[in-house]
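Colleague: My questions will all concern the structure given below.
The values are calculated or read from the model by the stated rules, or taken from the named source; none is laboratory data. All figures in this text were calculated on a predicted structure; none of them were measured in a lab. Don't worry about glycine lacking a Cβ; one is built from the backbone with ideal geometry, like all the others, and counts go over all protein chains shown.
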Amino acid sequence: MTHHRKFFGLWKEDLCDDAPSVYAVMDSEWKPYDLAKLVSYLGACRLVSLIPTQDVCAICGFKTDPFGWFSDGVWLWKTSLPHYVVEHEVRLPQPLVEHIRERDYQPPSSNKFHLDDLDWPFGRPGA
């Protein structure tokens, strides 16, 4: 059985050799009808990890505050992902898009999920 990784937004350019290049997931033709709702969801979920530093965009050098991770209890993504989607036409994985649509673009009303249950790319920070 293949383990499906449920995190997105970590790039080879972040010095993560196992991650895709951000350039490989850029798609200028990806224009979902609900892009604004998808991006809004990405920024509205629970901040589950915060590192007191800036995240620097691998493409344009834009600095996002803070460097951290958002989650909805199922998926995990870097806080800079909305920037990549809006500014650099990064295509979200279809399973993540479907997941957000199934939730009707509503972040969970409860933050009651265990951080250890998330699929951290390098292990849970602070664990």
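Colleague: If the Cβ limit is 6 Å and pairs must be 6+ apart or interchain, which residue in segment 97-110 that is of a type outside the set (A, V, I, L, M, F, W, C) pairs with which residue that is surrounded by 11 or more Cβ atoms within 10 Å (Cβ to Cβ) and assigned to a helix (DSSP H, G or I)?
Modeller: Note: pairs meeting the criteria are 105/37; 105/41; 107/44.
Colleague: Here's another thing I want to ask about it. Here is a list: 30, 69, 11. Which entry is farther than 23 Å from residue 109 by Cα and buried (at least 19 other Cβ atoms within 10 Å of the Cβ)?
Modeller: Result of the check over 30, 69, 11: 11.
Colleague: Another one. Does segment 39-55 include one or more residues that are at pLDDT 95 or above and of a type in the set (D, E, K, R)?
Modeller: No, because not a single residue in segment 39-55 is at pLDDT 95 or above and of a type in the set (D, E, K, R).
Colleague: With respect to residue 76, is the statement that it is more than 17 Å from residue 23 (Cβ to Cβ) and either polar (S, T, N, Q) or out of contact with any helix residue (DSSP H, G or I) (no Cβ under 6 Å at 6 or more places or on another chain) (or both) true?
Modeller: yes
Colleague: Within segment 27-75, work out how many residues are of a type in the set (Lys, Arg), outside any loop (DSSP other than H, G, I, E, B) and without any contact (Cβ under 8 Å) to a residue 12 or more places away in the chain.
Modeller: 1
Colleague: Go through the residues of segment 2-14 one by one and say whether even a single one is in a loop (DSSP other than H, G, I, E, B) and more than 22 Å from residue 97 (Cβ to Cβ).
Modeller: no
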